[in-house]
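All remarks here apply to the structure that follows.
The values are calculated or read from the model by the stated rules, or taken from the named source; none is laboratory data. This is a predicted model, so every value here is computed, not measured. For neighbour counting, all protein chains shown are included, and Cβ atoms are generated from backbone atoms with ideal geometry for every residue, glycine included. With ligands, DNA and RNA removed, areas are computed over all heavy atoms of the protein, side chains included. Shrake-Rupley method; radii C 1.70, N 1.55, O 1.52, S 1.80 Å.
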Amino acid sequence: MTSPIFHEAPASDFVLLSFDGRVLEVFGYVDDARYHLWERPRLEFRPGRSRRASIVTRHGRRHTIPYDAHLLPGLQALAARLAESVSETPEP
């Protein structure tokens, strides 16, 4: 497993995503949420006028948040780190 590296990426002035190598957390935008690697979360991005980032788990749980276009590179870096960690985590 890759050594845990703490990664934070704002999605907007009101939303922050944080990943510590095991748990993806969402702060702001209505409520806070936590997704453990066991849930195999992934980030999906919908571009366009109504930009949205969705966290989707293997069980179909979905959390959708708006993001600012200029913050997309940071979100994509976090998504890549998350995907790498998920791929290195054995299925439960």
Please work out if Glu8 is part of a strand (DSSP E or B), open to solvent by 80 Å² or more (accessible area, probe 1.4 Å) and at pLDDT 95 or above.
yes
Can you give me the number of residues within the range 24-40 that are in a loop (DSSP other than H, G, I, E, B) and either small (Gly, Ala, Ser) or closer than 21 Å to Phe14 by Cβ (or both)?
4
Within the range 41-53, can one find any residue that is under 14 Å from Ala9 (Cβ atoms), modelled with pLDDT under 95 and open to solvent by less than 60 Å² (accessible area, probe 1.4 Å)?
no
Here are the criteria: (1) under 16 Å from Val86 (Cβ atoms); (2) open to solvent by 50 Å² or more (accessible area, probe 1.4 Å). Tell me which single one His70 does not satisfy.
(1)
